[in-house]
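Scroll down for the structure; my scribbles are underneath it.
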Amino acid sequence: MTMAEMAGALKAEILVEGEGCHKAIRYVVASDLMSDVLLVDEEDMLLLTSLASDQVLRTAQIIGAVGVIVVNGKPLPSSMVEVAMQLRMTLATSKLSKYDACIAVHGALGARV
Amino acid sequence: MSAAVPSPVLLEPKSVTGTGAGNDPLVLLELIQRLKVRDVMTTKLATVSRSATMREVQELMRQKKISGVPVEEDGRFFGLVSIDDIIRALGGGYIGDPCSKHMTTKLVVLEDDMPISFALRYFDRYHYGRFPVLNRDRRLVGILCQRDINRALLVELSTELNRLEAATGRHLAQDGVSNLYLLREFPICKYDFENAGKAANEIKHLLQERQIPPKIIRRIAVAAYELEINLCVHSDGGVLSWQISNGRAVIIARDAGPGIEDVEWACRDGTSTANEWIRSLGFGAGMGLANVKRVSDEFEVTSKKGSGTTVRAVVIVEGLA
């Protein structure tokens, strides 16, 4: 399942279509602690977070994530879109809570299996 | 006025050994001719309409920490309110008037497709702090300060330096990673979250260009990123340096204070002195140094309360090229 397809499953709006938008997601992490995210040693990861800050994108870039979905309908600082464009990182926002987003991810991935 | 970081305009590839190599003193002259005003100007503008009062403009200046506010409506440019205009309004007792009555309307403007060499001459000739920038349709599209030009030139020169390093690195890489030698230093400021992570990203890109295995790059990038964030969050500012030579990537974070009282405690998972604000940004969970240790082949912290801290992390690269 690609980041674009997952965004659809989470009713998320894609704000920046980066390089990983149509790449297959191999792992999903939901966290607001960036050091926890850095601990996960997986490739092509999707990051779900309710943290709306530029550092989320820089963290995603460091670990080579395919994209970031900010949940809880958090308003994003305008700088976040700029940073996503600079880093060519896919950025989307969903109104689902993190809990509901995780359920939707499970449902979407389950449906693919 | 928020500072817009101009998109770097990449230089055309040149031969490192042939004529026109990047160390040519003409590089700067070439840059100021090639770069256009639109490449370097600030495009995110804090503007007001003609009906805004001088007091509202004053408040906008205070909030945005700017010294001039363009007056425009739907892109049509009417004038500029400068800090001098505000001072005169305060002295003259008309701070509550609409800005259209007191704004400066006799202005020198730049066009967005002018080369910055032209803009530099204007700064020299008129001694203004900023120039409004109009497009061909006479619409306001930006503001140009000398700071914008300085920043753009630094970005361009850095790009040129990276290009030279990459070219040099490619030559060195022919003999394998063990002979590759790079050394970089990045000053990190306290609480500068806007820039935190940029150094680690740059390191990652440089390593990717040299085709070092992704898993190794990730370990180096994670170590650099955590140390960069640590400098930003916990120190009074410092320097992140890294070098890769003889099959070893060495990352060093060095600061001048405030120092760590108990290094062993600080390296444990989940221990942190970060405040709530830092935690709200996604850091300060006490995993930083532990993460660096986890991804490093060698790890060392030397610190003393009241003086500086030096963290040294080594990732072995040799034999994996």
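The values are calculated or read from the model by the stated rules, or taken from the named source; none is laboratory data. Fair warning: this is a prediction, and the values are worked out from it, not measured in the lab. For neighbour counting, all protein chains shown are included, and Cβ atoms are generated from backbone atoms with ideal geometry for every residue, glycine included.
Provide a single number: the residues in segment B:139-163 that are among the polar types (S, T, N, Q) and farther than 24 Å from B:His205 by Cβ.
Of the residues in segment B:139-163, the ones among the polar types (S, T, N, Q) are B:146, B:150, B:158-159, B:162.
Then keep just the ones that are farther than 24 Å from B:His205 by Cβ; that gives B:146.
Total satisfying the criteria: 1.
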- Message: Anything in segment A:40-49 that is facing chain B (nearest Cβ under 10 Å) and either among the small types (Gly, Ala, Ser) or under 19 Å from B:Leu227 (Cα atoms) (or both)? List them, or say none.
- Response: A:Asp41
- Kindly list the number of the only condition in (1) without any contact (Cβ under 8 Å) to a residue 40 or more places away in the chain; (2) buried (at least 23 other Cβ atoms within 10 Å of the Cβ) that fails for B:Cys232. (1)
- May I ask you to list the residues in segment A:22-62 that are acidic (Asp, Glu) and either within 12 Å of the chain's Cα centre (by Cα) or surrounded by fewer than 21 Cβ atoms within 10 Å (Cβ to Cβ) (or both)? A:Asp32, A:Asp36, A:Asp41, A:Glu42, A:Glu43, A:Asp44
- Single match in B:Ala290, B:Ala249, B:Ala266 (criterion: at pLDDT 85 or above and more than 9 Å from every other protein chain (Cβ to nearest Cβ)): B:Ala249
- Task: Give segment B:52-111 a look and list any residue that's in a strand (DSSP E or B) and among the hydrophobic types (A, V, I, L, M, F, W, C), or say none.
- Result: B:Val69, B:Val71, B:Phe77, B:Phe78, B:Leu80, B:Val81, B:Leu110
- Task: Could you list all residues from segment A:83-100 that are in a helix (DSSP H, G or I) and either within 14 Å of chain B (Cβ to nearest Cβ) or within 21 Å of A:Asp54 (Cβ to Cβ) (or both)?
- Result: A:Val83, A:Ala84, A:Met85, A:Gln86, A:Leu87, A:Lys98
- Query: Given the conditions (1) more than 11 Å from chain A (Cβ to nearest Cβ); (2) at pLDDT below 75; (3) closer than 26 Å to A:Ala60 by Cβ, and given that B:Val317 satisfies all but one, which numbered condition is not satisfied?
  - Reply: (2)
- The residue that is nearest to the other protein chains (Cβ to nearest Cβ), considering only those in segment A:55-82 that are among the charged types (D, E, K, R) and closer than 16 Å to B:Gly282 by Cα, is A:Arg58
- Note on the structure: When B:Arg248 is run through (1) more than 20 Å from A:Val37 (Cβ to Cβ); (2) among the charged types (D, E, K, R); (3) crowded, with 17+ Cβ neighbours inside 10 Å, the failure sits at (3)
- Flagged in segment A:60-83 as within 18 Å of B:Lys198 (Cβ to Cβ) and touching a residue at least 24 places away in the same chain (Cβ under 8 Å), in numbering order, are A:Ala60, A:Gln61, A:Ile62, A:Ile63, A:Ala65, A:Val68, A:Pro77, A:Ser79, A:Met80, A:Val81, A:Val83
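Quick one: is B:Lys65 surrounded by 17 or more Cβ atoms within 10 Å (Cβ to Cβ) and either modelled with pLDDT of 90 or more or among the charged types (D, E, K, R) (or both)?
Working: surrounded by 17 or more Cβ atoms within 10 Å (Cβ to Cβ): no; either modelled with pLDDT of 90 or more or among the charged types (D, E, K, R) (or both): yes.
No: the conditions fail for B:Lys65.
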- Query: If you check A:Arg88 against the conditions, is it buried (at least 17 other Cβ atoms within 10 Å of the Cβ) and either touching a Lys or Arg at 6+ places or on another chain (Cβ under 6 Å) or of a type in the set (Lys, Arg) (or both)?
  - Reply: no
- Message: Tell me the residue from B:Ile86, B:Ile66 that is hydrophobic (A, V, I, L, M, F, W, C) and either over 19 Å from B:Thr43 (Cα atoms) or not assigned by TED's automatic domain parsing to the domain that holds B:Val37 (or both), please.
- Response: B:Ile86
- Just checking, how many residues over segment B:135-156 are out of contact with any helix residue (DSSP H, G or I) (no Cβ under 9 Å at 6 or more places or on another chain), assigned to a helix (DSSP H, G or I) and of a type in the set (D, E, K, R)? 1
- Do you know which residues across segment B:111-128 are surrounded by 14 or more Cβ atoms within 10 Å (Cβ to Cβ) and out of contact with any helix residue (DSSP H, G or I) (no Cβ under 6 Å at 6 or more places or on another chain)? B:Glu111, B:Phe118, B:Tyr122, B:Tyr128
- Of all residues in segment A:3-16, count the ones that are buried (at least 19 other Cβ atoms within 10 Å of the Cβ) and not in a helix (DSSP H, G or I). 3
- Task: Inspect segment B:122-130 for any residue being modelled with pLDDT of 90 or more and in contact with a strand residue (DSSP E or B) (Cβ under 7 Å, 6 or more places away or on another chain) and give the result as yes or no.
- Result: no
- Query: Within the group A:Glu5, A:Glu42, which residue is at pLDDT below 95 and touching a Phe, Trp or Tyr at 6+ places or on another chain (Cβ under 6 Å)?
  - Reply: A:Glu42
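What is the residue count in segment B:225-237 for residues that are at negative phi and under 17 Å from the mean Cα position of the chain (by Cα)?
So the first thing to find is which residues in segment B:225-237 are at negative phi, and the list is B:225-236.
Next, from what is left, pick out any that are under 17 Å from the mean Cα position of the chain (by Cα): B:225, B:228-229, B:231-232.
Count: 5.
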